[in-house]
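*Asks:* Got a structure for you, questions after.
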């Protein structure tokens, strides 16, 4: 699963035209490629579940962590980037960054491709609304779902719809760059889902985001992508192999937000931290907050 945080010149306020409400959408038959993707992702989910992966329990007695581990995992996940833009394309490269988060209310808006039927749209909106409420409670920051006028856009689309999504992407984020558009419209099978969060140049406050949730995914992978990509789009953009229990770990052990992930979101939006802090500047306060949350020496 891929998460990207892009910094581009973006207007401070984005007001996309409202998406028309489709009570009875005309569902398009997926292409042969999209149907092959769906078969592949079903096999992936079945294999992972059979191996005891994609856990939904959030962690338990078998996944203890200390305040020190929480602080170290937060620093790696919140204050480093997983990808960098080089030569017009995104390249996997761990680089030190700054603390980024939203300072304006987050308004999650769902957009659906032609392959998503009415029943699935209703289920997706319900999952998104429930998750938004949970994220708002955890962060203390306003997070809600809206039918129009969103600033965090969640696109539920198959490969056919993604290939034709450039006009919508330019409408939602007028300053979106060509490399971001290429990544979305040409997503390879290895990209399960992706999020791009945008800040005005030289700033660390997010003002818009786009998350892609593949419509070819079966239910568990689909909901897992929602959990990970939206949380990453709030300001936890990186992954760490040492973070456990966590969805910010590419081992796929957990499908949904874990107890440690919840605490990292609480740290991220703690008023004692501010956007723009470097790892060195944030480290002392992060350790203090982690100690308060977990208890014991940090």
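The values are calculated or read from the model by the stated rules, or taken from the named source; none is laboratory data. Computed from a predicted model, the values in this text were never measured in an experiment. Cβ sites come from the backbone with ideal geometry, for glycine too, and all protein chains shown count toward neighbours.
*Asks:* Modelled with pLDDT under 95 and within 27 Å of residue 105 (Cα to Cα): does that describe residue 190?
*Replies:* For residue 190, the condition - modelled with pLDDT under 95 and within 27 Å of residue 105 (Cα to Cα) - is not met.
*Asks:* Right, next: Sort through 121, 101, 137 and tell me the only one that's more than 24 Å from residue 167 (Cβ to Cβ) and over 17 Å from the mean Cα position of the chain (by Cα). Outline the logic, then answer.
*Replies:* On the way: 121 fails: more than 24 Å from residue 167 (Cβ to Cβ); 101 fails: over 17 Å from the mean Cα position of the chain (by Cα).
Selected residue: 137, the only one of 121, 101, 137 that is more than 24 Å from residue 167 (Cβ to Cβ) and over 17 Å from the mean Cα position of the chain (by Cα).
*Asks:* Anything in region 87-101 that is surrounded by 15 or more Cβ atoms within 10 Å (Cβ to Cβ) and either under 27 Å from residue 215 (Cα atoms) or at pLDDT below 95 (or both)? List them, or say none. Working first, answer last.
*Replies:* Let us first name the residues in region 87-101 that are surrounded by 15 or more Cβ atoms within 10 Å (Cβ to Cβ), namely 90, 97-101.
If the condition is that a residue be surrounded by 15 or more Cβ atoms within 10 Å (Cβ to Cβ) and either under 27 Å from residue 215 (Cα atoms) or at pLDDT below 95 (or both), then 90, 97 are the ones that fit.
*Asks:* Something else now. With modelled with pLDDT of 95 or more, more than 30 Å from residue 125 (Cβ to Cβ), touching a helix residue (DSSP H, G or I) at 6+ places or on another chain (Cβ under 7 Å) and part of a loop (DSSP other than H, G, I, E, B) as the only criterion, which of 287, 272 stands out?
*Replies:* On the way: 287 fails: part of a loop (DSSP other than H, G, I, E, B).
Of the residues listed, the single one that is modelled with pLDDT of 95 or more, more than 30 Å from residue 125 (Cβ to Cβ), touching a helix residue (DSSP H, G or I) at 6+ places or on another chain (Cβ under 7 Å) and part of a loop (DSSP other than H, G, I, E, B) is 272.
*Asks:* Return the residues of region 133-142 that are touching a strand residue (DSSP E or B) at 6+ places or on another chain (Cβ under 7 Å) and touching a residue at least 40 places away in the same chain (Cβ under 8 Å); say none if nothing qualifies. Explain how you work it out, then say what you get.
*Replies:* Let us first name the residues in region 133-142 that are touching a strand residue (DSSP E or B) at 6+ places or on another chain (Cβ under 7 Å), namely 135-136, 141-142.
Once the filter is applied, which keeps residues that are touching a strand residue (DSSP E or B) at 6+ places or on another chain (Cβ under 7 Å) and touching a residue at least 40 places away in the same chain (Cβ under 8 Å), region 133-142 yields 135, 141.
*Asks:* Against the conditions (1) over 27 Å from residue 149 (Cβ atoms); (2) touching a helix residue (DSSP H, G or I) at 6+ places or on another chain (Cβ under 6 Å); (3) buried (at least 24 other Cβ atoms within 10 Å of the Cβ); (4) touching a residue at least 60 places away in the same chain (Cβ under 8 Å), where does residue 218 fall short? Just the number, please.
*Replies:* (3)
*Asks:* Go through (1) surrounded by fewer than 17 Cβ atoms within 10 Å (Cβ to Cβ); (2) outside any helix (DSSP H, G or I) for residue 176 and report which single condition fails.
*Replies:* Here residue 176 meets the rest and fails (1).
*Asks:* Name every residue in region 106-121 that is touching a strand residue (DSSP E or B) at 6+ places or on another chain (Cβ under 7 Å) and assigned to a loop (DSSP other than H, G, I, E, B), in order of residue number.
*Replies:* Residues of region 106-121 that are touching a strand residue (DSSP E or B) at 6+ places or on another chain (Cβ under 7 Å), as a first pass: 106-113, 116, 121.
Of everything in region 106-121, those that are touching a strand residue (DSSP E or B) at 6+ places or on another chain (Cβ under 7 Å) and assigned to a loop (DSSP other than H, G, I, E, B) turn out to be 113, 116.
*Asks:* With 263, 234 as the choices, which residue is within 19 Å of residue 99 (Cβ to Cβ), at pLDDT 95 or above and surrounded by fewer than 22 Cβ atoms within 10 Å (Cβ to Cβ)?
*Replies:* Numbers: 234 fails: surrounded by fewer than 22 Cβ atoms within 10 Å (Cβ to Cβ).
The unique qualifying residue is 263.
*Asks:* Restricting to region 182-197, what's the tally of residues that are surrounded by 15 or more Cβ atoms within 10 Å (Cβ to Cβ) and under 19 Å from residue 237 (Cα atoms)? Steps first, please.
*Replies:* Of the residues in region 182-197, the ones surrounded by 15 or more Cβ atoms within 10 Å (Cβ to Cβ) are 183-185, 187, 191-197.
The next check asks that each one be under 19 Å from residue 237 (Cα atoms); those that pass are 183-184, 187, 191-197.
Adding up the residues that qualify gives 10.
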